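Asks: Dropping a structure here in structure tokens format, bear with me for questions.
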Amino acid sequence: MKIAITMYMINNLGGIVNHLENCAHGFRELGHTVHYYILTPKKAPTKNPDISGLKRKDGWTQGAFGIFHQYNGWRLDKKWYLSYKDEELAKRSADVLSKYDMILWEMPVPRKNVENKGNPHWLHLYGSCDKNVSVFRDGHLFTYPHITAVLKYFDGFGCNHVCGYRIAKNIATPRALIFSPHDTSKKYKKKYNQRTPGFLSLQTFKGWKHVDDLIRAIPYMPAHLKKYVAGGGIEYAYMTSKDKCKPEYFARKKEDPDYIGKDGTERIFNRAMDYGMNWLGWIIEAKRDRILKSVRCLIDPSWNKSFAKHGDHFNRVTTDGMLQGCIPVARNLGVADNAKGEGVIFTPNKNYIMIPYNATPREFADIVDYANSLKPNEAHFIQHNNFRLLQHFDRVRVAQQYIDMANGKSTGFFGKLEKGSTNVKLITDGEKDLVEFFGKQRSKKGISSFIK
């Protein structure tokens, strides 16, 4: 089968990069031909990119389709860009996509960003291929209600988390719980007590990732722990900015009741560095895995009350840690939707060590210390349970699940396709966005004419 993977570009790609790369490898390992297209509201480039100055030390690495960066995405040859700058270019792009047997849309629709304002031509990209499935990776459905204009073209949505799975009941398209894909053939089973006490935390710095919670806790952690922190993003820029650092990124008693200094005089980032934080910035997968193989824990500080109202959500780096035998340390309102931290997938002390979402920095640090001081049998129990879970994240299995969904077969973690009904507010908000933001001429029938 000939499969296209498409991607509308956004800032802060983060784990989307790894998701797309591993889906591509999974399809290829099943014997399919896979191509990747970047969908752009601009004209497609006329020249291939100059990649001579892009170095591994700066986070660039070779992937399934070319060189890529965790934050900046791919540098592809010009033929892999499809433009929807105007109606004619969008229809040409749709014609290219019509040559494929299936399309996996990494994002179902473009985001409402400045590059897409006044441009409704992306609507012409849909309908040229018979089988269309999309990744549904978050709880932000109601921020892109214009999805309702193209629902009729999709055979299914693969929801990466329980949170997304439950919120997708608001659209009349079949859905399945399909986890983010990984290469699970490379499990690393080094025993816990043979590892260095310490952790890696790798995140795109966004508000709901709460990396600042971890950084505030580092001064309270034992000196002997290795404290590797990696990533970057908009909140990192604020955190380290000379003149735009947010007030909450200075140490103060409001966020840290045990802080004994003068409020607003120390940056939390600098304070963490003084107490042994090993800041790595963006790193390639190989370096990430080398560190994960050496330390005892992987910390995911993320939590989100809004997401937790719908269900569990977690970052793919948690699975990266599980693959390398690390003990995940995560938040109750991250991997679960309740104070006890008991999720559909993860359970405290069975799959991970829990940090309450409202823990103080000192409490956070104490739990990290505990997670690095487990008895060998306690650590082995968690490692064993997580190795068993990893079968659901295997990239070949995930790739086949998207194909099964495109063919209307029951699939995913729950072994079924479930279909909701399109929320009325989503429909009305979608019509409003199409007209007022994207500049589409209002239909006499309204957006309801698009709905299945």
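The values are calculated or read from the model by the stated rules, or taken from the named source; none is laboratory data. Predicted model only: the values in this text are computed from it and were never measured. No Cβ is skipped: glycine too gets one built from the backbone with ideal geometry, and neighbour counts run over all protein chains shown.
Asks: Say we look at region 289-317 and pick out the residues that are part of a helix (DSSP H, G or I), at pLDDT 95 or above and in contact with a Leu (Cβ under 7 Å, 6 or more places away or on another chain); which of these is nearest to GLY343 (Cα to Cα)?
Replies: LEU292
Asks: Only residues that are among the polar types (S, T, N, Q) and surrounded by fewer than 22 Cβ atoms within 10 Å (Cβ to Cβ): list them for region 1-16, please. Outline the logic, then answer.
Replies: So the first thing to find is which residues in region 1-16 are among the polar types (S, T, N, Q), and the list is 6, 11-12.
Once the filter is applied, which keeps residues that are among the polar types (S, T, N, Q) and surrounded by fewer than 22 Cβ atoms within 10 Å (Cβ to Cβ), region 1-16 yields ASN11, ASN12.
Asks: Considering only residues that are touching a helix residue (DSSP H, G or I) at 6+ places or on another chain (Cβ under 8 Å) and among the acidic types (Asp, Glu), which ones fall in region 364-385?
Replies: Taking region 364-385 first, the residues touching a helix residue (DSSP H, G or I) at 6+ places or on another chain (Cβ under 8 Å) are 364-366, 368, 374, 376, 379-380, 383.
Matches in region 364-385: ASP366 only.
Asks: At least 2 residues that are more than 20 Å from the chain's Cα centre (by Cα) and modelled with pLDDT of 95 or more in each: list the helices (runs of 4 or more DSSP H) lying fully within region 137-242 that qualify.
Replies: In region 137-242, 211-217, 234-240 are the helices (runs of 4 or more DSSP H) which contain 2 or more residues that are more than 20 Å from the chain's Cα centre (by Cα) and modelled with pLDDT of 95 or more.
Asks: Still on this structure, I have one more. Answer with yes or no whether MET273 is assigned by TED's automatic domain parsing to the domain that holds PRO328, without any contact (Cβ under 8 Å) to a residue 24 or more places away in the chain, part of a helix (DSSP H, G or I) and within 28 Å of the chain's Cα centre (by Cα).
Replies: On the way: assigned by TED's automatic domain parsing to the domain that holds PRO328: yes; without any contact (Cβ under 8 Å) to a residue 24 or more places away in the chain: yes; part of a helix (DSSP H, G or I): yes; within 28 Å of the chain's Cα centre (by Cα): yes.
Here the answer is yes, as MET273 does meet what is asked.
Asks: Where the second residue is of a type in the set (A, V, I, L, M, F, W, C) and in a loop (DSSP other than H, G, I, E, B) and the first is in contact (Cβ under 8 Å) with a residue 12 or more places away in the chain and lies in region 163-187, which pairs have Cβ atoms under 6 Å and are six or more apart or on separate chains?
Replies: Close Cβ pairs (under 6 Å, with a partner that is of a type in the set (A, V, I, L, M, F, W, C) and in a loop (DSSP other than H, G, I, E, B)) amount to THR173/PHE154; PRO174/LEU417; ALA176/LEU417; LEU177/PHE413; LEU177/PHE414.
Asks: Moving on. For region 352-366, enumerate the residues that are crowded, with 23+ Cβ neighbours inside 10 Å and either under 22 Å from the mean Cα position of the chain (by Cα) or on the phi > 0 side of the Ramachandran plot (or both).
Replies: Residues satisfying the conditions are TYR352, MET354, ILE355.
Asks: Which numbered condition in (1) β-branched (Val, Ile, Thr); (2) surrounded by 18 or more Cβ atoms within 10 Å (Cβ to Cβ); (3) in the same structural domain as VAL344 (by TED's automatic domain parsing) is the only one that THR196 fails?
Replies: Going through the list (1) β-branched (Val, Ile, Thr); (2) surrounded by 18 or more Cβ atoms within 10 Å (Cβ to Cβ); (3) in the same structural domain as VAL344 (by TED's automatic domain parsing), THR196 breaks only (2).
Asks: When you scan region 33-56, how many residues do you find that are under 17 Å from LYS78 (Cβ atoms) and modelled with pLDDT of 90 or more?
Replies: 14
Asks: Next up: Checking the structure you have, find out if any residue of region 105-118 is over 25 Å from the mean Cα position of the chain (by Cα), outside any strand (DSSP E or B) and not assigned by TED's automatic domain parsing to the domain that holds LEU333. If you could, list the steps in order and put the result at the bottom.
Replies: Within region 105-118, the subset over 25 Å from the mean Cα position of the chain (by Cα) is 118.
Narrowing the set further to residues that are outside any strand (DSSP E or B) leaves 118.
If we keep only those that are not assigned by TED's automatic domain parsing to the domain that holds LEU333 too, we end up with 118.
Taking every residue of region 105-118 in turn, at least one turns out to be over 25 Å from the mean Cα position of the chain (by Cα), outside any strand (DSSP E or B) and not assigned by TED's automatic domain parsing to the domain that holds LEU333.
Asks: Going by the conditions given, is ALA286 exposed (fewer than 13 other Cβ atoms within 10 Å of the Cβ), of a type outside the set (D, E, K, R) and at pLDDT below 95?
Replies: Details: exposed (fewer than 13 other Cβ atoms within 10 Å of the Cβ): yes; of a type outside the set (D, E, K, R): yes; at pLDDT below 95: yes.
Taking the combined requirement at face value, the residue satisfies it.
Asks: Residues being free of Cβ contacts under 8 Å to residues at least 40 places away in the same chain and surrounded by 14 or more Cβ atoms within 10 Å (Cβ to Cβ): count how many of those fall in region 52-73. Walk me through how you get there before you give the answer.
Replies: Pass one, region 52-73, residues free of Cβ contacts under 8 Å to residues at least 40 places away in the same chain: 52-55, 57, 62, 66-67.
When the remaining residues are screened for being surrounded by 14 or more Cβ atoms within 10 Å (Cβ to Cβ), the result is 54, 66-67.
Number of matching residues: 3.
Asks: Limited to region 72-87, what total is found for residues that are within 25 Å of GLY430 (Cβ to Cβ) and not hydrophobic (A, V, I, L, M, F, W, C)?
Replies: Number satisfying all stated conditions: 5.
Asks: For region 1-25, which residues satisfy the criterion of being out of contact with any strand residue (DSSP E or B) (no Cβ under 8 Å at 6 or more places or on another chain) and either modelled with pLDDT of 95 or more or among the hydrophobic types (A, V, I, L, M, F, W, C) (or both)?
Replies: ILE10, HIS25 - these are the residues of region 1-25 that are out of contact with any strand residue (DSSP E or B) (no Cβ under 8 Å at 6 or more places or on another chain) and either modelled with pLDDT of 95 or more or among the hydrophobic types (A, V, I, L, M, F, W, C) (or both).
Asks: Something else now. Report, by residue number, each residue of region 281-315 that is in contact with a Pro (Cβ under 9 Å, 6 or more places away or on another chain) and charged (D, E, K, R).
Replies: Of everything in region 281-315, those that are in contact with a Pro (Cβ under 9 Å, 6 or more places away or on another chain) and charged (D, E, K, R) turn out to be ARG296, ASP300.
Asks: Out of GLY276, GLY311, which single residue is in contact with a helix residue (DSSP H, G or I) (Cβ under 9 Å, 6 or more places away or on another chain), among the small types (Gly, Ala, Ser) and under 20 Å from VAL368 (Cα atoms)?
Replies: Result: GLY276 is the single residue among GLY276, GLY311 that is in contact with a helix residue (DSSP H, G or I) (Cβ under 9 Å, 6 or more places away or on another chain), among the small types (Gly, Ala, Ser) and under 20 Å from VAL368 (Cα atoms).
Asks: Just a yes or no: is a residue in region 399-407 of a type in the set (Val, Ile, Thr), within 28 Å of ALA308 (Cα to Cα) and out of contact with any Lys or Arg (no Cβ under 7 Å at 6 or more places or on another chain)? Give the steps one after another, and end with the answer.
Replies: First, pick out the residues of region 399-407 that are of a type in the set (Val, Ile, Thr): 403.
Restricting the remaining residues to those that are within 28 Å of ALA308 (Cα to Cα) gives none.
Scanning region 399-407, I find no residue that is of a type in the set (Val, Ile, Thr), within 28 Å of ALA308 (Cα to Cα) and out of contact with any Lys or Arg (no Cβ under 7 Å at 6 or more places or on another chain), so the answer is no.
Asks: Across region 230-259, which residue is nearest to LEU202 (Cα to Cα) among those that are exposed (fewer than 14 other Cβ atoms within 10 Å of the Cβ) and touching a residue at least 40 places away in the same chain (Cβ under 8 Å)?
Replies: Top of the filtered list is ILE234.
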